[in-house]
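Novice: There's a structure below that I have some questions on.
Read-outs: derived from the displayed coordinates by stated rules, not from any lab. Note that the structure is predicted; figures quoted are calculated from it, not measured. Using ideal geometry, Cβ is built from the backbone for each residue, glycine included, and neighbour counts are taken over all protein chains shown.
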Amino acid sequence: MAIDPTLRDALEAVTVASLARALHRRGVPACLLRGLAIRSSSRNAVGPAFTLRLIPARGGAGPSLADAVEAVPEGAVVVVDAGGSGSSLPFGAILAARLAQRGAAGLVTDGHLDHSGGLAVWCDPGDRTGPGLALAGSGEAIACAGAAIHPGDIVVAGPDGVVVVPHDIAEAVALEAVEQQRLDLWLQREAEKGVGLHELLPPDAATLARFQAETKPA
């Protein structure tokens, strides 16, 4: 499922923290992925989630990882549920290189990846010894780093973390996050001018009215 370019621009313009706050106010739980480290990118990766689920390998034939990777659409963010194991993804460097070549926007996993192959990657920072991993499923709802990810959800990953936004409310959440970020920046400038925190955190009615008046388009 492609993302409207205007929506993509809005999601790329805001921080993960602003999106997470907007989702929290809407009562959307399990949206923030925790404990992951950025591996190879300082830019945001924004795209619909393409999900893979890995489990400890114990022999025998299973779904083809190669077939799953070849089905990843351009612009998707691949989210890999490794069971929170921190174990290295199978064929990690080759996997990342192929995803980058196919035009994936990024890869997010609670497993570990040593070599990004030019792909924007967020992963478990450790490489804990454990059993090898094998593909158990793709294109299904998964859990990753404490968050619930459904295929088609919009993943926004940046220097400050990773958040997943349900597709049906993505536009409203993006607009709310843009406004929240405008307010946060204005409040920061007010604090730098010497305004007391009792007026700013949280902003009272008078402060919010002043924000609206001072930032209203001419």
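Novice: Could you identify which residue out of Leu208, Leu19, Leu187 has the top mean-square fluctuation in a GNM of the chain using Cα springs shorter than 10 Å?
Specialist: Evaluated over the chain, the most mobile residue of the options is Leu208.
Novice: Out of the GluC sites (Glu not before Pro) in region 1-109, which ones are loop residues according to DSSP with at most 14 other C-beta atoms within 10 Å?
Specialist: Of the GluC sites (Glu not before Pro), the ones in loops of region 1-109 whose Cβ has at most 14 other Cβ atoms within 10 Å are Glu74.
Novice: Sorted from fewest to most neighbouring beta carbons within 10 Å, what does the list Arg26, Arg210, Arg53, Arg34 look like?
Specialist: Fewest-to-most ranking of Arg26, Arg210, Arg53, Arg34: Arg34, Arg26, Arg210, Arg53.
Novice: May I ask for the distance between the Cα centers of region 51-109 and region 131-200, given as a whole number of Å?
Specialist: About 23 Å separates the Cα centre of region 51-109 from the one of region 131-200.
Novice: Sort Thr6, Thr109 by Cβ crowding within 10 Å, fewest neighbours at the top.
Specialist: Thr6, Thr109
Novice: What is the angle, in °, between the Cα long axis of helix 92-101 and the longest principal axis of the Cα atoms in the chain? Nearest 10 is fine, range 0 to 90.
Specialist: For helix 92-101, the angle is close to 60 degrees.
Novice: Still on this structure: Only Cα pairs within less than 10 Å get springs; with that Gaussian network setup on the chain, which residue of Gly47, Gly62, Gly146 has the largest fluctuation?
Specialist: For the chain, modelled as a Gaussian network with Cα springs under 10 Å, the answer is Gly62.
Novice: For the chain, what value does the Rg/Rh ratio take when both radii are computed over Cα atoms and Rh is the Kirkwood radius, given to two decimals?
Specialist: 1.06
Novice: Oh, and also: Provide the gained length on full extension for the span Gln101 to Asp127, in nm with one decimal, where the gain is 0.36 nm per separating residue minus the Cα-Cα distance.
Specialist: Contour length minus Cα-Cα distance gives 6.8 nm.
Novice: Relative to the first principal axis of the alpha-carbon coordinates of the chain, what is the inclination of helix 16-25, with its axis defined by its Cα atoms, in degrees from 0 to 90 and to the nearest 10?
Specialist: Once rounded, the angle reads 80 degrees.
Novice: For Cα pairs less than 8 Å apart in space and 6+ apart in sequence, what is the mean separation divided by the residue count of the chain, i.e. the relative contact order in percent?
Specialist: 28 percent
Novice: Cβ under 10 Å from Trp186's Cβ, Trp186 left aside: what net charge do those residues give with Lys, Arg +1 and Asp, Glu -1?
Specialist: Result for the local shell: 0.
Novice: For a Förster distance of 22 Å, can you work out the FRET efficiency between the beta-carbons of Glu70 and Glu140, rounded to the nearest 0.05?
Specialist: It comes to 0.80.
Novice: Okay, moving on. Trypsin sites (Lys or Arg not before Pro), restricted to region 70-152: which are DSSP loop and have at most 15 other Cβ atoms within 10 Å?
Specialist: Here the trypsin sites (Lys or Arg not before Pro) that fit, given the DSSP loop and packing criteria, are Arg128.
Novice: Let me ask something else about it. Need one word for region 55-159: rounded, prolate or oblate. Basis is the Cα gyration tensor (sqrt eigenvalues a ≥ b ≥ c); a/c below 1.5 gives rounded, then a/b vs b/c decides.
Specialist: Verdict is rounded for region 55-159.
Novice: I've got another one for you. Whole-Hz Karplus ³J(HN,Hα) for region 60-75, in order, using 6.51 cos²θ - 1.76 cosθ + 1.60 and θ = phi - 60°, x for Gly and Pro?
Specialist: Residue by residue, region 60-75 yields x, 6, x, x, 7, 5, 4, 5, 5, 5, 5, 8, 5, x, 4, x Hz.
Novice: Using the Cβ atoms and a cut-off under 14 Å, what net charge is assigned to the surroundings of Gly117, where Lys and Arg are +1 and Asp and Glu are -1?
Specialist: After counting each charged neighbour, the total is +2.
Novice: So, one more: Which cross-chain or sequence-distant (5 or more) residues have an amide H under 5 Å from the amide H of Val79, H modelled 1.01 Å from N in plane?
Specialist: Phe50, Thr51, Leu52, Val108
Novice: How tilted is helix 170-193 with respect to the longest principal axis of the chain? Cα atoms for both, answer in degrees (0 to 90, nearest 10).
Specialist: So the inclination is approximately 50 degrees.
Novice: Tell me, in nm to one decimal, what length is gained between His115 and Glu171 on full extension, where the rule is 0.36 nm per residue of separation less the Cα-Cα distance?
Specialist: Answer, rounded to one decimal: 16.8 nm.
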